[in-house]
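Engineer: Before anything else, here's the structure in question.
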Amino acid sequence: MVIDYLPLARDKGEEIVRLWNKELGKEFPLRKELFYQNSLEDENVLLEGSWIALEKEKLVGFIISKIWKEDLECVKNKKDTGYIQVILVDSDYRNKGIGSELLRKAEEALKANGVKTVVLGQDPWHYFPGIPSEYIDTVEWFKKKGYVEFGEEYDLYCRLNGEGQVTLPVFPEVEFKILDKWQKNSFLEFLNRCFPGRWEYEAIKYFEKGGEGREFVVAEKKGKIIGFCRINDSKSPFIAQNVYWAPLFEEELGGIGPLGIDPEERGKGYGLAIVQAGMYFLNQRGIRNIVIDWTNLVDFYGKLGCKVWKKYVKCKKQF
């Protein structure tokens, strides 16, 4: 058996999606639009570290790696971190060294680009915050390659029953509302001050891709933004992370998170309240199924009826 390794190419997109769904589709059904959005169109993809494996023109494996290429202030301290977004080998072709070769080629490219730490998942425009915990063999395989575990993350699920179940929280001094389009600059300033980094980055990209505010619930105190909660649905300007796996549901899926409260305003119940507000607005849109992705705050969200749905093992490797 001769395996050819070629650089990731856009014209292989549909074959990659077919292979993904053959192997992972029951748990993580991948839409073509999502793959193009998160992998082929993300400028942070490291092309020299992203490869496909072919046997007689048949796609039998692929790997996609990323580094932060964007020159944004909010991600400048992440330049020495690289990511394996996904690595997958057709189950009919495993234990033949294909995955090892794909990983070797990706790691070589990441090293050459100054990467000191490689993280599995968690990339910009990621699919997973770690290895899905049901793939135990994958976790063990990476450990043999020098990767170490550093915790767990969860996706949570909540089912709303309909009108009246969730009310808009009432605080005499705070208003919970959908962000107005004209508040974009003050909202980004709030994120830069209180949550610089990935959440700020994701909000910048949201507005770049045509977002106008309907995906953000904000808490306002005396006219000033003191908190936020992201909410997503099928009408959002792109497929957001907490609705990636919407095809698993017969009805529409809504997403909640991330969220945060100004450090100076914490300890007053606003955090849980803004999640409740997010649920309220999604409920008003007729959405009953809600997922909160990439969190370890299981008890916090549990207060609003959210349960663990998926679990991920975080892994990384130092060069």
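The values are calculated or read from the model by the stated rules, or taken from the named source; none is laboratory data. As the structure is a computational prediction, the values presented were derived from the model and not from experiment. Reconstructed Cβ throughout: ideal geometry from the backbone, glycine too, with neighbour counts over all protein chains shown. Ligands, DNA and RNA are excluded from the accessible area calculation, which covers all protein heavy atoms including side chains. Shrake-Rupley method; radii C 1.70, N 1.55, O 1.52, S 1.80 Å.
Engineer: Heavy atoms of the protein only, probe of 1.4 Å, neighbouring chains included. What is the accessible area of Asp71 in Å², nearest 10?
Structural biologist: 140
Engineer: A further question on this structure: Heavy-atom accessible area of Arg104 with all protein chains present, probe 1.4 Å, nearest 10 Å²?
Structural biologist: For Arg104, the solvent-accessible surface is approximately 110 Å².
Engineer: What number, rounded to the nearest 500 deg cm²/dmol, is the helix-based mean residue ellipticity at 222 nm of the chain, given -39500 (n - 2.57) per DSSP H run of at least four residues and division by all its residues?
Structural biologist: -7500 deg cm²/dmol
Engineer: Right, here's the next one. Give me the percent of accessible area attributable to carbon and sulfur for segment 168-319, probe 1.4 angstrom.
Structural biologist: The nonpolar share, carbon plus sulfur, comes to 49 percent.
Engineer: How long are the three semi-axes of the equivalent ellipsoid of segment 170-319, in whole Å, if each is the root of 5 times an eigenvalue of the C-alpha gyration tensor, listed from largest down?
Structural biologist: For segment 170-319, the ellipsoid semi-axes come out as 23, 19, 18 Å.
Engineer: Quote the accessible area belonging to Glu212 in square angstrom, nearest 10, computed with a 1.4 Å probe and with ligands, DNA and RNA left uncounted.
Structural biologist: Approximately 110 Å² for this residue.
Engineer: Moving on. So for each of 147-157, 42-52, 9-19 I average, over its residues, the number of other beta carbons within 10 Å; can you give me the resulting order with the highest mean first?
Structural biologist: 42-52, 147-157, 9-19
Engineer: Oh, and also: List the GluC sites (Glu not before Pro) in segment 222-319 that DSSP assigns to loop (not H, G, I, E or B) and whose Cβ has at most 12 other Cβ atoms within 10 Å. Which are they? Present the calculation step by step, with values, prior to reporting the outcome.
Structural biologist: Working: sites: Glu250, Glu251, Glu252, Glu264, Glu265; in loops: Glu250, Glu251, Glu252.
Within segment 222-319, the qualifying GluC sites (Glu not before Pro) (loop, at most 12 other Cβ atoms within 10 Å) are Glu250, Glu251.
Engineer: Straight distance only, please: which lysines reach the Cα of Lys268 with their own Cα at less than 17 Å, same-chain residues fewer than 8 apart left out?
Structural biologist: List returned: Lys221, Lys222, Lys224, Lys303.
Engineer: Moving on to the next point. Relative contact order of segment 2-126: what whole-number percent is it, with Cα pairs under 8 angstrom and at least 6 residues apart?
Structural biologist: Details: 214 pairs, mean separation 33.4, N = 125.
Rounded, it is 27 percent for segment 2-126.
Engineer: Under 21 Å from the Cα of Lys96, which lysines turn up, not counting those fewer than eight places away in the same chain?
Structural biologist: Lys22, Lys56, Lys58, Lys105, Lys143, Lys144, Lys145
Engineer: Over the chain, what is the mean sequence separation of C-alpha contacts under 8 Å (at least six apart), divided by residue count, expressed as relative contact order in percent?
Structural biologist: The normalised contact order for the chain reaches 21 percent.
Engineer: Okay, moving on. Taking the Cα centre of segment 2-126 as origin and charging only Cβ (+1 Lys, Arg; -1 Asp, Glu), how large is the dipole, in debye to the nearest 20?
Structural biologist: I would put it at about 280 debye.
Engineer: Scan around Gly82 for amide H atoms under 5 Å from its own, H built in the peptide plane at 1.01 Å from N, and keep only partners 5 or more places away or cross-chain.
Structural biologist: So Gly82 has HN proximity to Lys116, Thr117, Val118, Val119.
Engineer: Now for a different question. Only one of the listed values, (1) 56, 45, 39; (2) 59, 41, 31; (3) 70, 40, 33, was derived from the coordinates as Cα extents along the principal axes in Å; which label is it?
Structural biologist: Of the listed options (1) 56, 45, 39; (2) 59, 41, 31; (3) 70, 40, 33, (3) comes from this structure.
Engineer: Related question: If amide H atoms are built 1.01 Å from N in the plane of the peptide, which residues on other chains or at least 5 residues away come under 5 Å of the amide H of Gly227?
Structural biologist: For Gly227, whose amide H was placed from the backbone, the distant partners under 5 Å are Ala219, Asp262.
Engineer: Follow-up question, since we're still on this one. In whole angstrom, how far apart do the alpha carbon centroids of segment 189-239 and segment 23-94 sit?
Structural biologist: If we compute the Cα centre of each part, the gap is 26 Å.
Engineer: Hey, another quick one. In the chain, what cysteines have no partner Cβ closer than 4.7 Å?
Structural biologist: So far as the 4.7 Å Cβ criterion goes, Cys74, Cys194, Cys229, Cys315 stand without a partner in the chain.
Engineer: Hey, got a sec? Which trypsin sites (Lys or Arg not before Pro) in segment 176-255 land in a DSSP loop and have at most 14 other Cβ atoms within 10 Å?
Structural biologist: Loop-located and lightly packed - Lys209, Lys222, Lys235.
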